[in-house]
Amino acid sequence: MDKDLPEFDSILEFANDDLLQVAEYLYLKSDRHIGPIRHLLERGLAADVDPTVSGSHVELVNLGAPQIYTTNYDDILERTYKQLGVPASSVVLPKDVALADTTKTQIVKYHGDLKHEDSLVLTESSYYRRLDFESPMDLKFRSDLLGRSVLFMGYSFRDINIRVIWFKLLEMMKDVPEADRTPSYIVRTQPNPVLEELYRAVGLRTIVLSDSTEELSPDEISSLHGEFLMRLVDGPSPDASRNKHFVSAARLDRIERSLEEIEIRHARVFRAHAGPGRRALITDMTSQIELENIPAGLLPRARKTYLRLLATGYVGLDQWEKVTGMLQRLGPAREITEFFAFAVASGGQPKYRDEMLNSGVHWPAVWSRKISDSAAKELAERLQEEVEYNLRGSADEDVAYAVDVAKRVLSGEIYNGTQKEAVRESINDALQAIVKIYPAVADYHPKEGARPDPQPILAQVERRVKSGDVRTVRGNGSTQFRLG
């Protein structure tokens, strides 16, 4: 602040590490003006960061709390709400208390805001002035706390103003049996039996987020807070319905941890053979990544996580619409090409394929990426299975679509990997066998970048079915029925 002042560490030592007294000293040295301190605080807190990449801040918005009290001077909470497009109002000045909009989340700046330096409760004397608890902010605080469940989070409960108000409220409610009082809680990242006993004595139940006794980094603390708030959001909270749920870093953290377990324990398998438990787990995780609710700062990470989900091979074919949304918003990717290739070539649920083929899927983008060696081999195996099924005297439309995708692999449109010779040999063997039943296979060549449309082959399948020259037919459902 001034070259004539001692070093900060020296001031802190002389003030016995009491930051209130340090602030009071700097205030006095500025001719009793808070402006110079406020100016430096504003510069120090003006970090150019996107608050929506913070899991705890996004989940706090998801929670839909009607009121959030903060003793911080910065505007990170307000910026989080604004960037997510969720209405919120700041309560800083007496007029804000009087005009507070109860239809929006109220962000109450209990110790003031840097935009209004007269509102700042920063120095020792400003704390003492608040001890009469008759300011509009104190009256609002008492009113808001009375009879409500309060959650203290990221806060040590050492602020003398808040402690005194809390004790006064307890005195007001001392005739109310403890069993009839609304419980309130304080969140701690690590266990502390002494503080927990003190909290219990003043009516606060402690929630401990970690058993670790080692010092936690700020990132670890933020992650614990985000995970905790996410569990609250996912629980039966009526207030959570006030807001749509945004994808948060905390949610992506949880999905990625589950994905790592799956990737370690289970090798990639053909989608139709994935166990129902794993398919349900992956489908649930994909449903948590709502494309329209991803903050801009998280889009790259959300895309990467979603593509990892697709790469497991367990995403159900009924997810094609969501994958289309990912394609439209975040662009083509190998995993998306593989997903649609299997969705076209695979049977089991033809109704999803029919819906997909008749929808607004942007096929040029779908076919614009090359698939992996493993996916190409699986598609070749898929074609072989369909060929064998038809050679055994059965028939269905799946073989026509399996041929369409296989020919895209052969032409190099969607595959040019290291196993291409072996894959091509496998596909050509299957095509030579099936062309004896459906001659149209030989002359069918899918149009590059176009919607799969193997009509000549489908027509021959249909004629074969109508002729009665088959034992079983797979229809538009997943069942089989016998002809004649």
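Filter segment 316-328 for residues that are surrounded by fewer than 17 Cβ atoms within 10 Å (Cβ to Cβ) and either among the hydrophobic types (A, V, I, L, M, F, W, C) or touching a helix residue (DSSP H, G or I) at 6+ places or on another chain (Cβ under 6 Å) (or both) and give the result. Asp318, Gly325, listed by residue number. A single member of Val164, Val187 is closer than 20 Å to Thr70 by Cβ, surrounded by fewer than 15 Cβ atoms within 10 Å (Cβ to Cβ) and touching a residue at least 24 places away in the same chain (Cβ under 8 Å), and it is Val164.
If you check Val361 against the conditions, is it surrounded by 22 or more Cβ atoms within 10 Å (Cβ to Cβ) and within 23 Å of Arg408 (Cβ to Cβ)? For Val361, the condition - surrounded by 22 or more Cβ atoms within 10 Å (Cβ to Cβ) and within 23 Å of Arg408 (Cβ to Cβ) - is not met.
For the residues Glu338, Glu355, the requirement of being touching a residue at least 12 places away in the same chain (Cβ under 8 Å), closer than 23 Å to Ala302 by Cβ and acidic (Asp, Glu) singles out Glu338.
Of the helices (runs of 4 or more DSSP H) lying entirely inside segment 367-466, those carrying at least 2 residues that are within 26 Å of Gln328 (Cβ to Cβ) and either in contact with a Leu (Cβ under 8 Å, 6 or more places away or on another chain) or among the hydroxyl-bearing types (Ser, Thr, Tyr) (or both) are 398-411. Looking only at segment 157-207, which residues are outside any helix (DSSP H, G or I), at pLDDT 75 or above and among the β-branched types (Val, Ile, Thr)? Scanning segment 157-207 gives Thr182, Ile186, Val187, Thr189, Val202, Thr206, Ile207. So which of Val405, Val387, Val409 ends up being closer than 24 Å to Asp469 by Cβ and not aromatic (Phe, Trp, Tyr)? Just one listed residue meets the conditions, Val387.
The selection criterion, being within 31 Å of the chain's Cα centre (by Cα) and part of a helix (DSSP H, G or I), holds for His57. When each of Gly297, Gly331, Gly313, Gly275 is tested for being on the phi > 0 side of the Ramachandran plot and either modelled with pLDDT of 80 or more or surrounded by fewer than 18 Cβ atoms within 10 Å (Cβ to Cβ) (or both), the lone residue that passes is Gly331.
Among the residues of segment 127-138, write down those that are surrounded by 13 or more Cβ atoms within 10 Å (Cβ to Cβ) and either touching a residue at least 40 places away in the same chain (Cβ under 8 Å) or assigned to a loop (DSSP other than H, G, I, E, B) (or both). Matches in segment 127-138: Tyr127, Phe133, Ser135, Pro136, Met137.
Look at (1) of a type in the set (D, E, K, R); (2) closer than 17 Å to Ala345 by Cα; (3) free of Cβ contacts under 8 Å to residues at least 24 places away in the same chain and you find that Lys436 fails only one, number (2).
Of all residues in segment 9-21, those that are touching a helix residue (DSSP H, G or I) at 6+ places or on another chain (Cβ under 9 Å) and either assigned to a loop (DSSP other than H, G, I, E, B) or touching a residue at least 12 places away in the same chain (Cβ under 8 Å) (or both) total 5. Scanning segment 60-78 for residues that are assigned to a helix (DSSP H, G or I), free of Cβ contacts under 8 Å to residues at least 60 places away in the same chain, of a type in the set (A, V, I, L, M, F, W, C) and farther than 29 Å from Val247 by Cα turns up nothing.
Note on segment 335-356: residues that are outside any loop (DSSP other than H, G, I, E, B) and surrounded by 17 or more Cβ atoms within 10 Å (Cβ to Cβ) amount to 15. Here segment 32-54 is the region considered, the condition is being in a loop (DSSP other than H, G, I, E, B) and over 13 Å from the mean Cα position of the chain (by Cα), and the residue that is surrounded by the most Cβ atoms within 10 Å (Cβ to Cβ) is Ile34.
Does Val366 meet the test of being closer than 28 Å to Tyr438 by Cβ and either among the polar types (S, T, N, Q) or free of Cβ contacts under 8 Å to residues at least 40 places away in the same chain (or both)? For Val366, the condition - closer than 28 Å to Tyr438 by Cβ and either among the polar types (S, T, N, Q) or free of Cβ contacts under 8 Å to residues at least 40 places away in the same chain (or both) - is met. Filter segment 153-200 down to residues that are over 38 Å from the mean Cα position of the chain (by Cα) and within 30 Å of Ser223 (Cβ to Cβ), then give me how many there are. Of the residues in segment 153-200, 0 are over 38 Å from the mean Cα position of the chain (by Cα) and within 30 Å of Ser223 (Cβ to Cβ).
When segment 103-122 is filtered for residues that are of a type in the set (S, T, N, Q) and either over 21 Å from His57 (Cα atoms) or crowded, with 18+ Cβ neighbours inside 10 Å (or both), the ones remaining, listed by number, are Thr105, Gln106, Ser119.
The values are calculated or read from the model by the stated rules, or taken from the named source; none is laboratory data. Note that the structure is predicted; figures quoted are calculated from it, not measured. With ideal geometry, Cβ positions are generated from the backbone for all residues, glycine too; neighbour counts draw on all protein chains shown.
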